[in-house]
Amino acid sequence: MHIPDNYLSPATCAVLSAAMVPVWALSVKKVKSEIDKANLPLLGIGAAFSFLVMMFNIPLPGGTTGHAVGAVLIAALLGPWAACIAVSVALFIQALLFGDGGILAFGANCFNMAFVMPFLGYFIYKFITDRFKSVKAEQFALVAAAYIALNFAALIAAIEFGLQPLIAKAADGMPLYCPYPLSVSVPAMTIPHLLVAGFVEVFFTVGVFAFIKKVSPGIISMKPEPKIKGVYGLIVGLICLSPLGLLAPGTAWGEWGADEIKNVVTGNAPLGFVPSGMENGFSLNVLFPDYAISGVPEWTGYVLSALAGASILIIVFKLLALPRKHVGERA
Amino acid sequence: MDSGVPLWLLADEAYAPRRDKDAFIDRSILSFLSLLSRARARGGKETGKAGTDAFFKIVAVFLLLLLISLSRNRFFIATAGTAVLAVLASQRGEYLAAVLKTSAAVALFTSLILLPSALSGTAVPAFIIVVKVIISVSAVKLVSVSTEWSSVSGALRRLRIPNLFILVFDIALKYVALLGEFALSMLYALRLRSVGRNADKHAALSGIAGTLFLKSKEMAEEMYAAMECRGFSGEYLSSKRLRFGFREAALTAGMLVLVCIFVYLPGT
């Protein structure tokens, strides 16, 4: 569910990052006031734990494996506010230090996996355990929380993808980012999550929680009980508002493109909507469709090609010069 | 005739453990191993030999991603791609291998995802999206493999990121390596004991992850005590001075040129 860069428009990324700022600020405040100061390092170590959770390959039927996100587990263990910070930091490390998940899309990834998932999961877990006090009820609560929260987060990610063709189009109607509408992105994202990933998440969450409860019951009963009721409104509001926020910058994008509509029609029409687009699509001249773009001297195209060609050659030779075992180790 | 060896020891052993699909242990071990090799290579003390200052690299890569993502001009995308290629060409072979491996995987994945869209008549935009993704991923991956982890928190401090976040980030980075080692030893233990059929694989894995959590809780308490003993007040100061040499100047100049090209070119 880690969205890479260029799948979402910068406007979407900006809106979702802006939505995360108050959540992060509130999380920090809540963690400071509700969690004992001595637990501060636990946030960092919780983030490390959250990062490592995604490294476990969980067995699936038939010998294949999958990995869990773990946000609901961490929310159940440390509370939703601490989980929000821990998962955010884990996502940040993945994006910046491991190149996994986009940097511009960091806000969007946090929104899905560090906000929607832990808070919704914790809400479901609390809602059930507050009403039914038994071991079975607690297990059921975790199953429901992990399954629903993961799938809901996937749905939100699908909506983010599916809105892209609506809000960010080139002036000639071509998609600039994720090209699939909601009718494609929602089933494509939710079906695998409903059928496989949801169960991976459930097995992991319930299994680890049950283990910790059995081995060290004190830790779970000592867990601080964050007051969550007041923020239901905020969460529901933000979730409802987020698609609106995504749509709002869309008009600005449309206007921006419309200014240049003349340019597009003259310059780009032959490259655009041709049914035999495949022929043009994968030939190199796509990137250099017209050396004489207004204001760019013709020679720059050649300079660029030369520089690119030289760089590619150097890279190839450096790779060839690499000792064989080194390439393997770097994996 | 009595050799002193008990008879049961002389009988042929005919024990063949039943085969089991437990690839999840090996795969988990592999993920942890690759993580730890990264942590050892990048996560140690700052050597000062890591090339360009992390602050410049992070700002530049962020700007580059933003420009690429915003740009609708193919010429700009070609320029940015060439710039990234040129920077890549100046790097060490080990970095290149890591970067190209990731960008090849991401390119393949993105192409597969966009294939239906490309076949339905939007091949050109789909191709541009793939190119954008490759450039962005290569740039980020290059920063990620060429930056020492400890220099990132200093860079974040300069970017005015709140103290609490940097503290959490810093602790997380150190403990990713520590807890990773711990998890790896448990996985090795599980691997050694995995003979025959394991009826409850999830229990085995839950045990490891659960123990990992308990261990991390314990480490957090010890760490807080140690921090308090040393008079930690919660403030994070970057004592290192900003390095501004040839590499930093070249990177700044290159980014300025890219921004100028981006502004200068029409937005189509």
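FYI, it's all coordinate maths here, none of it is from the lab. Remember, predicted model here, so these are calculated numbers, not experimental data. With ideal geometry, Cβ positions are generated from the backbone for all residues, glycine too; neighbour counts draw on all protein chains shown.
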With each label point set 7 Å from Cα along the Cα-Cβ vector, what nm distance links B:ARG243 and B:ALA199? 5.9
Most exposed to least, judged by fewest other Cβ atoms within 10 Å, B:CYS260, A:CYS13 sort to B:CYS260, A:CYS13
By the C-alpha gyration tensor axes a ≥ b ≥ c (rounded if a/c is under 1.5, else prolate when a/b exceeds b/c, else oblate), the shape of chain B is oblate
Compactness ratio of region B:161-237: Cα Rg over 2.2 N^0.38 Å, N = residue count? 1.48
Looking only at other chains, what is the average number of their beta-carbon atoms within 10 angstrom of each beta-carbon in A:204-214? 5
By the mean-Cβ-within-10 Å protection proxy, highest first, A:152-159, B:245-252 rank as A:152-159, B:245-252
Kindly flag which residue pairs out of A:LYS29/B:LYS217; B:LYS57/B:LYS132; A:LYS30/B:LYS217; A:LYS169/B:LYS57 have an alpha-carbon separation exceeding 23 Å in this structure. A:LYS169/B:LYS57
Could you tell me which of rounded, prolate or oblate describes region B:145-200, using a ≥ b ≥ c as the square roots of the eigenvalues of the alpha-carbon gyration tensor, with rounded for a/c under 1.5 and, failing that, prolate when a/b is larger than b/c and oblate otherwise? prolate
Taking beta carbons within 10 Å but only from partner chains, what does the mean come to for residues B:190-196? 0
Per-q log10 I(q)/I(0), region B:124-268, q = 0.15, 0.19 Å⁻¹ (Debye; single scatterer per alpha-carbon; no solvent): -1.02, -1.23
Angle in degrees between helix B:123-146 and the longest Cα principal axis of chain B, rounded to the nearest 10: 70
Could you rank the peptides B:56-68, B:133-145 by their average count of other C-beta atoms within 10 Å per residue, with the highest value first? B:133-145, B:56-68
Between B:LEU159 and A:LEU166, Cβ-based FRET efficiency (R0 30 Å, step 0.05) works out to 0.35
Could you compute Rg(Cα) / (2.2 N^0.38 Å) for region A:54-176, with N its residue count? 1.24
Sites B:TYR264 and B:SER37 - FRET efficiency at Förster radius 25 Å, r taken between beta-carbons, to 0.05: 0.05
Which value, in debye to the nearest 20, describes the size of the charge dipole of region B:161-237 about its Cα centre when Lys and Arg Cβ atoms bear +1, Asp and Glu Cβ atoms bear -1, and nothing else is charged? 540
Just order B:198-207, A:94-103 by mean Cβ neighbour count inside 10 Å, highest at the front, would you? A:94-103, B:198-207
7 Å from Cα along Cα→Cβ at both B:ALA11 and B:LEU119: what's the point-to-point distance in nm? 6.2
Test of understanding: ordering B:ARG92, B:ARG230 by Cβ neighbours within 10 Å, fewest first, what list do you get? B:ARG230, B:ARG92
Give the average, rounded to an integer, of partner chain Cβ atoms located within 10 angstrom of each Cβ in A:101-113. 2
Given the DSSP H assignment, sum -39500 (n - 2.57) over each helix run of at least 4 residues in chain B and divide by its residue total; what's the result at 222 nm in deg cm²/dmol, nearest 500? -25000 deg cm²/dmol
